[in-house]
1. Using only Cα atoms and rounding to the nearest 10 degrees, what angle (0 to 90) does helix 3-60 make with the longest principal axis of the chain?
2. Calculate the dipole size of region 3-180 relative to its Cα centre from +1 charges on Lys and Arg beta carbons and -1 charges on Asp and Glu beta carbons; express the result in debye to the nearest 20.
3. Over 21 Å between Cα atoms: which of LYS44/LYS130; LYS87/LYS148; LYS65/LYS99 fall into that group?
4. Listing TYR47, TYR145 from the residue with the fewest other Cβ atoms within 10 Å to the one with the most, what is the order?
5. Beyond 23 Å, what percent of the Cα pairs of the chain remain?
6. Whole-Hz ³J(HN,Hα) for each residue in region 102-114, computed from phi via Karplus 6.51 cos²θ - 1.76 cosθ + 1.60 with θ = phi - 60°, x for glycine and proline: what do you get?
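Any read-out appearing in this document is the output of simple, stated calculations on the displayed coordinates, not a laboratory observation. Note that the coordinates shown come from a computational prediction; the quantities given were computed from them, not determined experimentally. Cβ sites come from the backbone with ideal geometry, for glycine too, and all protein chains shown count toward neighbours.
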Amino acid sequence: MSLGIIILIIGGFVVVWAILTYNSLIMFKNRVEEAWSDIDVQLKRRYDLIPNLVNTVKGYASHEKETFQNVTEARTKAMQAQAPQEKAQAENFLSETLKSLFAVSENYPDLKANENFLELQRELTDTENKVQASRRFYNGNVRDYNTKIETVPTNIIAGVFNFSVREFFELDESEKESAKNPVKVEF
C-alpha cells in the first residue's frame with residue numbers, strides 16, 4: 001500500500017469518528033432539551049392550579065390579602081424565569097409562598113373541609129411530585145451531556161461546534177434539608 005492510501009484510510013476514520021461523535025452530542029443535547037420541556041410542562045400545570053387555589057382560599061379568608069398578593073407575584077416571577085438556575089430560584093420562592101397560603105388555610109376549618117380546596121391541594125401535591133421526578137430526569141441528562149462534552153476526545157468536537165455545559169436545576173438549601181427530613185402528616 002502506498003502512503004497516500006494509508007493517509008486516506010486514516011483520514012476516513014477520523015471523518016467517520018467526527019461524524020459519529022457530533023451525532024452523539026446532538027442526541028445528548030436533544031435529551032437535555034426534552035427533559036427541560038418535561039419540567040416546563042409540569043411547572044405550567046402548577047401555575048394553572050395556583051389561581052384556582054388562591055380563589056378558593058379567598059372565599060374563606062378574604063382578609064389575607066398580603067398572602068394572596070405574595071403568591072400571585074411569586075407565580076408571575078416563576079412564569080417569567082428562563083434559565084434553569086433563575087427558574088429554580090423563582091420556583092423555590094413560589095414554594096415558600098404556597099406554604100404560607102396553606103398555613104392560612106389551617107385557620108379556617110370550613111376551608112380545610114372544602115372538597116374543591118382538598119382536590120386542588122391533592123393536584124398540587126401530585127404536580128410537585130411530578131416536578132421532582134422531572135427535575136431528577138433533567139439533571140441526569142445534564143450530567144450525562146456535560147460528561148460527554150468534557151471528556152477526551154469528544155471535547156474536541158464539542159469545542160469545535162460550540163457545545164456548552166448546561167446548568168442543573170437545583171433545590172435551594174432549605175428544600176434540600178426538608179427533603180432529607182421526614183414529612184409530618186397531621187389530620
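1. Helix 3-60 sits roughly 0 degrees off the main axis of the chain.
2. Working: 21 positive and 26 negative charges, 106 e Å.
Computed charge dipole of region 3-180: roughly 500 debye.
3. Values: LYS44/LYS130 12 Å; LYS87/LYS148 25 Å; LYS65/LYS99 15 Å.
Going by Cα-Cα distance, LYS87/LYS148 fall outside the 21 Å limit.
4. So the ranking, lowest neighbour count to highest, is TYR47, TYR145.
5. For the chain, the share of Cα pairs beyond 23 Å comes to 56 percent.
6. 5, 5, 4, 5, 4, 7, 10, x, 5, 5, 4, 8, 5
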